[in-house]
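A short worksheet on the structure shown next.
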Amino acid sequence: MKISVLGAGSFGGTIAKVLSENGHSVNLWSHLEEQAEALRNSMEVPFIKGAILPSNINVTSDLNCINESEIVVVVVPSFALRETAKSIEKILKDDKIFVICTKGIEASSMKSGYQIFDEEISKIKANVILSGPTHAEELALQKLTSIVSTSKDKEARNLVQDLFNNSYLRVYTNDDILGVEILGAAK
């Protein structure tokens, strides 16, 4: 499956690594061309020594990469989530499944990532929250961990479970969006 990961920090790089190792075609987007260029040169997950990105990941600073993808995984910092959603809305050509990995509540509105994307993006097949007691460095180095895929859309949350599940990452599902987001923010 073709997937774009938005956010090229340690967790975004780790998510891209997991998806690529699970056999998916992955774009890894950075909002800064300088960061994208540095990643293309090093192919190392930022801030995680020894965690190498698979060579088939396309590192880019062109947000239009989302229009090539069936699924968009959002791993930007919480303070940038609404602006990222607005930028997506301006260029989005068709409905997508959005997987929001950003943890936190928007300070100005007290809204969650799910609520922000629901407000800002008109072409949504489904929103899925992917959150849990995971650390980028553990996941990047393939240490056993777990995470939760939660959505109102059962088919979408199960699809995300299938995309991410592997020998070192166990993905559980539920429909408690608010509970998962609050616990992720509290973490």
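Scanning region 139-157 for residues that are assigned to a strand (DSSP E or B), open to solvent by less than 30 Å² (accessible area, probe 1.4 Å) and of a type in the set (A, V, I, L, M) gives a single hit, ILE147. Residue check, VAL160 against (1) modelled with pLDDT of 95 or more; (2) surrounded by fewer than 16 Cβ atoms within 10 Å (Cβ to Cβ); (3) not in a loop (DSSP other than H, G, I, E, B), all met but one. Which one? Going through the list (1) modelled with pLDDT of 95 or more; (2) surrounded by fewer than 16 Cβ atoms within 10 Å (Cβ to Cβ); (3) not in a loop (DSSP other than H, G, I, E, B), VAL160 breaks only (2). Name every residue in region 87-138 that is in a helix (DSSP H, G or I), in contact (Cβ under 8 Å) with a residue 40 or more places away in the chain and out of contact with any Leu (no Cβ under 9 Å at 6 or more places or on another chain), in order of residue number. Those that are in a helix (DSSP H, G or I), in contact (Cβ under 8 Å) with a residue 40 or more places away in the chain and out of contact with any Leu (no Cβ under 9 Å at 6 or more places or on another chain): ALA136, GLU137. Taken together, the residues in region 6-20 that are out of contact with any strand residue (DSSP E or B) (no Cβ under 9 Å at 6 or more places or on another chain) and part of a helix (DSSP H, G or I) amount to 3. Test ASN174 against the criterion of being at pLDDT 95 or above, under 29 Å from PHE47 (Cα atoms) and open to solvent by 40 Å² or more (accessible area, probe 1.4 Å), and give yes or no. Spelling it out, it is not the case that ASN174 is at pLDDT 95 or above, under 29 Å from PHE47 (Cα atoms) and open to solvent by 40 Å² or more (accessible area, probe 1.4 Å). I want to confirm something. Restricting to region 43-77 and keeping residues that are open to solvent by 70 Å² or more (accessible area, probe 1.4 Å) and not in a helix (DSSP H, G or I), which single residue is farthest from ASP94 (Cα to Cα)? Only one residue fits best here, namely LYS49. Right, ILE91: within 19 Å of SER4 (Cα to Cα), β-branched (Val, Ile, Thr) and open to solvent by less than 20 Å² (accessible area, probe 1.4 Å) or not? Judged against the criteria, ILE91 is not a match.
For every residue, the table says whether it meets (1) farther than 17 Å from THR14 by Cβ; (2) surrounded by 14 or more Cβ atoms within 10 Å (Cβ to Cβ); (3) modelled with pLDDT under 95; (4) of a type in the set (Ser, Thr, Tyr).
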{"residue": "GLN35", "(1), (2), (3), (4)": "no, yes, no, no"}
{"residue": "ASN41", "(1), (2), (3), (4)": "yes, no, no, no"}
{"residue": "ALA85", "(1), (2), (3), (4)": "yes, yes, no, no"}
{"residue": "GLU120", "(1), (2), (3), (4)": "yes, yes, no, no"}
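The values are calculated or read from the model by the stated rules, or taken from the named source; none is laboratory data. Here the structure is a predicted model, which is why all the values come from computation and not from measurement. A quick note on method: Cβ atoms are made from the backbone with ideal geometry, for glycine too, and the neighbour counts reach across all protein chains shown. For accessibility, only protein heavy atoms count, side chains too; no ligands or nucleic acids. Shrake-Rupley method; radii C 1.70, N 1.55, O 1.52, S 1.80 Å.
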